[in-house]
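Readers should treat all values here as calculations from the given coordinates under stated rules, not as data from a laboratory. As the structure is a computational prediction, the values presented were derived from the model and not from experiment. Cβ atoms come from the backbone with ideal geometry, glycine included; neighbour counts cover every protein chain shown.
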Amino acid sequence: MSLPILSLILFGLAGGITPGPNNMISAGTGAAFGFRRTLPQIFGVAVGFAIMVVAVGLGLGGLFVAVPQLHWILKLVGGAYLLFLAWKIASAAGGVGAAAMERPPTFLQSALFQWVNPKAWAFALSVIPAFTTPGGELLAEVLLIAAVLGLLSLPCLAVWAGFGVLIGRLLSTPRQHRILNIVMGGLVALSVVTLFL
């Protein structure tokens, strides 16, 4: 196996740390509930995304090649869900994300969210052809890619959750919380817009 690990790590860090729905949810959850209560969301994303990478690498990605309309449908459904989530966050009246999340996302919810997250799909569909070798040991390569990306997502999401915790602690008035909710909702909505550019 001649998988370029350093290139994969850099690719994973770039994809994992840049703004996207998972990161915005980590930041919002951190701000609303604190870092410790955000951990199930962080681990759920890492495991859910790693499973998605394995599924794509072992053939699910071929379905998108055979039926390209599925990719467009996924973008529409995932984008609509994310816009709904953005609206709920932006319209929250109480503390940071209070109306959007009465309790933090669970491990299972976060893992399952990857299957409707257009950024996760786009990343998984691009990483497999970029980092597997024709005629190589596909299963071993896919498992290594999934493990590396799953592990890399942990510190990336933790940074966003920590940012959310810090912001949540700095805000002292309901008006400041309201402004942050609007900004967070706007960032989630912006991440959807970039999917269609």
Q | For a label point 7 Å along the Cα-to-beta-carbon line of LEU151, residues of region 1-41 with backbone N under 20 Å | A | 1-18
Q: Please work out the FRET efficiency for the pair ALA66 and LEU139, using the Cβ-Cβ distance as r and a Förster radius of 22 Å; give the result to the nearest 0.05.
A: 0.55
Q) With axes computed from alpha carbons, what is the tilt in degrees of helix 39-55 against the longest principal axis of the chain, rounded to the nearest 10 within 0 to 90? A) 20
Q) Separation between the SER7 and ARG169 pseudo-spin-labels, each 7 Å from Cα along Cα→Cβ, expressed in nm? A) 4.1
Q: With a Förster radius of 35 Å, plug the Cβ-Cβ distance of LEU58 and THR194 into 1/(1 + (r/R0)^6) and report the FRET value to the nearest 0.05.
A: 0.80
Q) What order do you get for PHE11, PHE84 when you list them from fewest to most C-beta neighbours inside 10 Å? A) PHE84, PHE11
Q | Given charges at beta-carbon only (K, R positive; D, E negative), |dipole| of the chain in Debye | A | 720
